[in-house]
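Student: Dumping the structure here so I can ask a few things about it.
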Amino acid sequence: MVAQNPETRARLPEMQGSVRSRSKSAGKSACATFDLLECAAQVTEERGLKTMKSGEKNKALMRVGFGIAIMGLMLWPSAAQTQRVSHDPAEPQQRTERGHGPARMMKAVGRQSVDTKSMVALIDQLVACGTRLTISSWTDPKRGIGCARDKIAARFEEISKASGGKLQVVVDKFEATAERTSGKAVPLENVYAILPGTDETLKKTVFLVSGHFDSRPSDVMDVNVDAPGADDDASGVSVSVECARLLSKLAASGKTGYRATILFAAVSGEEQGLLGAAHLVEWLKEKGYTVGGMLDDDIVGDDPAAGAPHRVRLFSGNGEIEDADSPSRELARAIEEIDGRDAIRMVFRVDRYGRGGDHYPFSRAGLPAVRFTEPLENYDHQHQTPRTENGVEYGDFAKYLNPAFLGNVARDNAEALRQLAMAPAAPTEVRLKGAVTPDAKLSWKAEEDAERAGFEILWRETTETRWTVYDFVPSAGEHVLKGVSTDNHFFAVRAVGKNGARSIATASQPEVRRAPSIDKK
Ligand SMILES: [Zn+2]
């Protein structure tokens, strides 16, 4: 089923109306727009003309003919419009494949394999800790953020045991100081489960999924009131934990080997200023990891608008040189390609308007990082001390969650992580030359990799949101795209595995061309 956006759904009745009236004018059949004669024959058949007298037949045929004429008039302008659209020189058509590499890897994470019940059970356990404010107790097993850390670590250990010990569970303790810790150093902890990669080189690259297990009431410094935080962000934690279960189970079955390392994180300190995520960036650097991609899941448990399920939103920040491209944008495009357009709604901005999240410290460091968030947030349920005011109930309770939607988000994260961790390394030093020439020249570098089939050069019109041309080439080096303008297109290159998994694309950097006047000085 194709998911609809809440805002486009409102337009649907109107569209359906026009389709209905068109069908009526031509008879009961839904006529194919390109074959009116066959359609007329079908309508004639349906109206039982064989048994009619000739006068009735003529009237009926006239009605059908009239219907077709009306349809023709309705269709003509759009047909004429299509004919008028001509492409400018070297303008790529929609989705063109110029060279053929291995077909994209098949999906392996089925929706039925997602254990939504366990996800909801974990959310309930976290809510039962009362508050998970980062500055609440780390030592009380019943109330406070330490209670939540215990539940998450226990669940990761359970999953690790079930996968034959493939997952390594780490509780990372550190300190941080921020405005929302009253300028004092406070203790914090993150919980990680690590599934090490199998490839000698690629295991130092890590793909991570993260949710934050801290929560907050209306006053971000008040440890005494409840802060259930079911959606914000026990939901994201449950996605991270379920991804650990799904992917370690696949690894244990021997069906899937991840070349890169996958890290499943539950971090604290988000509400006090993204403290846990900022620490995680440093922790990964210290451990010698390269970040291949970071998937932040924050507020992913509800889908309240009618017509659910809708697509989950996927936010990615802009690039610095060419506005439309950045490592984070390429990660978003890769995820959409893996999970499908009916699952992912890309949003080309770093986060919701005027807001932020744990992917931000990663993307600010130039690393590929994106944020998953539900399609339509309810602000009465976010950052609110539980209460009822003027008949309105405030508070982030588990009863408002939509487990079916939550399960979809877990599937989409897991499948994206799986394919990215099975792909070869993304190419580096992708350079575009060919200014003031009719051709584009692309060059890039890549480490030796016996599992790699080759590369895809991607390009598109500057106004397109997605790559439209895919050209497979077997080796790195310099490739000339004859007659493809460097002015009118954006370019990128990605690596393709023999297994069909694609790396995220690396957007091209422009060659540095100094102005002649500068050269003379
Ligand atoms: Zn949050």
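The values are calculated or read from the model by the stated rules, or taken from the named source; none is laboratory data. Since we're looking at a predicted model, the values are computed, not measured. Neighbour counts run over all protein chains shown; Cβ positions are idealised from the backbone, glycine included.
Student: So the check is Cβ under 7 Å with 6+ separation or different chains; which pairs have a first residue in region 163-186 that's on the phi < 0 side of the Ramachandran plot and a second one that's among the basic types (Lys, Arg) and assigned to a loop (DSSP other than H, G, I, E, B)?
Tutor: Listed pairs, sorted by first residue: Thr177/Lys184.
Student: How do the strands (runs of 3 or more DSSP E) wholly within region 235-332 filter down when requiring 3 or more residues that are more than 14 Å from the ligand (Cβ to nearest atom), touching a residue at least 60 places away in the same chain (Cβ under 8 Å) and buried (at least 18 other Cβ atoms within 10 Å of the Cβ): which remain?
Tutor: It comes to 261-267, 290-297.
Student: In this structure, is Asp226 out of contact with any Cys (no Cβ under 9 Å at 6 or more places or on another chain), of a type in the set (Asp, Glu), within 16 Å of the ligand (Cβ to nearest atom) and not in a strand (DSSP E or B)? Please lay out each step first, then the result.
Tutor: Values: out of contact with any Cys (no Cβ under 9 Å at 6 or more places or on another chain): yes; of a type in the set (Asp, Glu): yes; within 16 Å of the ligand (Cβ to nearest atom): no; not in a strand (DSSP E or B): yes.
Answer is no for this residue.
Student: Among the residues that make up region 154-176, is at least one of them loosely packed, with under 15 Cβ neighbours inside 10 Å, under 27 Å from Gly395 (Cβ atoms) and either modelled with pLDDT of 95 or more or among the aromatic types (Phe, Trp, Tyr) (or both)?
Tutor: Yes, the conditions are met somewhere in region 154-176.
Student: Scan region 184-194 and tell me whether some residue there is outside any helix (DSSP H, G or I), modelled with pLDDT of 95 or more, in contact with a Gly (Cβ under 9 Å, 6 or more places away or on another chain) and within 16 Å of the ligand (Cβ to nearest atom).
Tutor: Checking region 184-194: at least one residue is outside any helix (DSSP H, G or I), modelled with pLDDT of 95 or more, in contact with a Gly (Cβ under 9 Å, 6 or more places away or on another chain) and within 16 Å of the ligand (Cβ to nearest atom).
Student: Does region 195-217 include one or more residues that are in a helix (DSSP H, G or I), more than 16 Å from the ligand (Cβ to nearest atom) and of a type in the set (Val, Ile, Thr)? So that I can check it myself, show each step before the final result.
Tutor: Quick first cut of region 195-217, residues in a helix (DSSP H, G or I) only: 202-204.
With the extra rule that they be more than 16 Å from the ligand (Cβ to nearest atom), the set shrinks to 202-204.
From the residues that got through so far, the ones that are of a type in the set (Val, Ile, Thr) too are none.
No, because not a single residue in region 195-217 is in a helix (DSSP H, G or I), more than 16 Å from the ligand (Cβ to nearest atom) and of a type in the set (Val, Ile, Thr).
Student: Could you check region 378-393 and list, in sequence order, the residues that are in a helix (DSSP H, G or I) and surrounded by 15 or more Cβ atoms within 10 Å (Cβ to Cβ)?
Tutor: Across region 378-393, the qualifying residue is only His381.
Student: Part of a loop (DSSP other than H, G, I, E, B), at pLDDT 95 or above and within 26 Å of the chain's Cα centre (by Cα): which single residue out of Val120, Val109 fits that description?
Tutor: Details: Val120 fails: part of a loop (DSSP other than H, G, I, E, B).
Criteria check complete, one pass: Val109.
Student: Out of (1) part of a loop (DSSP other than H, G, I, E, B); (2) within 19 Å of Gly276 (Cβ to Cβ), what's the single condition that is false for Val169?
Tutor: Of (1) part of a loop (DSSP other than H, G, I, E, B); (2) within 19 Å of Gly276 (Cβ to Cβ), only one is false for Val169: (1).
Student: Would you mind finding the one in Val300, Val312, Val291 that is of a type in the set (Val, Ile, Thr), more than 16 Å from the chain's Cα centre (by Cα) and modelled with pLDDT of 95 or more? Walk me through it before giving the result.
Tutor: On the way: Val300 fails: more than 16 Å from the chain's Cα centre (by Cα); Val312 fails: more than 16 Å from the chain's Cα centre (by Cα).
Just a single option satisfies the conditions, and that option is Val291.
Student: While we're here: Scan region 428-474 for residues that are aliphatic (A, V, I, L, M) and either within 14 Å of Ala507 (Cβ to Cβ) or surrounded by 20 or more Cβ atoms within 10 Å (Cβ to Cβ) (or both) and jot them down. Outline the logic, then answer.
Tutor: Narrowing region 428-474 to residues aliphatic (A, V, I, L, M): 430, 432, 435-436, 440, 442, 446, 450, 453, 457-458, 469, 473.
Passing the criteria: Val430, Leu432, Ala440, Leu442, Ala446, Ile457, Leu458, Val469.
Student: Just one of Asp412, Asp396, Asp449 is outside any strand (DSSP E or B) and not assigned by TED's automatic domain parsing to the domain that holds Gln272; which is it? Steps first, please.
Tutor: Details: Asp412 fails: not assigned by TED's automatic domain parsing to the domain that holds Gln272; Asp396 fails: not assigned by TED's automatic domain parsing to the domain that holds Gln272.
After applying the criteria, what remains is Asp449.
Student: Please find, within region 475-504, the residue that is surrounded by the most Cβ atoms within 10 Å (Cβ to Cβ) out of those that are closer than 17 Å to Glu447 by Cβ and modelled with pLDDT under 95. Step through it out loud before you land on a result.
Tutor: To start, the set of residues in region 475-504 that are closer than 17 Å to Glu447 by Cβ comprises 475-477, 493-498, 501-504.
Now drop any that are not modelled with pLDDT under 95, which leaves 475-477.
On the way: Ser475: 9, Ala476: 21, Gly477: 11.
Ranking the candidates gives Ala476 first.
Student: Turning to a different aspect of this structure: Taking the criterion of being on the phi > 0 side of the Ramachandran plot and either buried (at least 23 other Cβ atoms within 10 Å of the Cβ) or more than 16 Å from the ligand (Cβ to nearest atom) (or both), would at least one residue in region 404-425 satisfy it? Walk me through it before giving the result.
Tutor: Initially, region 404-425 is screened for residues on the phi > 0 side of the Ramachandran plot, giving none.
No: region 404-425 contains no residue that is on the phi > 0 side of the Ramachandran plot and either buried (at least 23 other Cβ atoms within 10 Å of the Cβ) or more than 16 Å from the ligand (Cβ to nearest atom) (or both).
Student: Can I ask one more? Restricting the search to region 333-360, which residues are among the charged types (D, E, K, R) and touching a residue at least 40 places away in the same chain (Cβ under 8 Å)? Write out each step before concluding.
Tutor: Start the filter on region 333-360 by keeping residues that are among the charged types (D, E, K, R), which leaves 333, 336-337, 339, 341-342, 345, 349, 351-352, 355, 358.
Passing the criteria: Arg333, Glu336, Glu337, Asp339, Asp342, Arg345, Asp358.
Student: For region 351-372: of the residues being surrounded by fewer than 24 Cβ atoms within 10 Å (Cβ to Cβ) and outside any loop (DSSP other than H, G, I, E, B), which is farthest from the ligand (Cβ to nearest atom)?
Tutor: Initially, region 351-372 is screened for residues surrounded by fewer than 24 Cβ atoms within 10 Å (Cβ to Cβ), giving 351-356, 360-361, 364-367.
Retained after the next criterion (residues that are outside any loop (DSSP other than H, G, I, E, B)): 360-361, 364.
Details: Tyr360: 12, Pro361: 14, Arg364: 17 Å.
The residue in question is Arg364.
Student: Same structure, new question: Need the failing condition index for Leu432 against (1) within 18 Å of Gly319 (Cβ to Cβ); (2) within 16 Å of the ligand (Cβ to nearest atom), just the number.
Tutor: Going through the list (1) within 18 Å of Gly319 (Cβ to Cβ); (2) within 16 Å of the ligand (Cβ to nearest atom), Leu432 breaks only (2).
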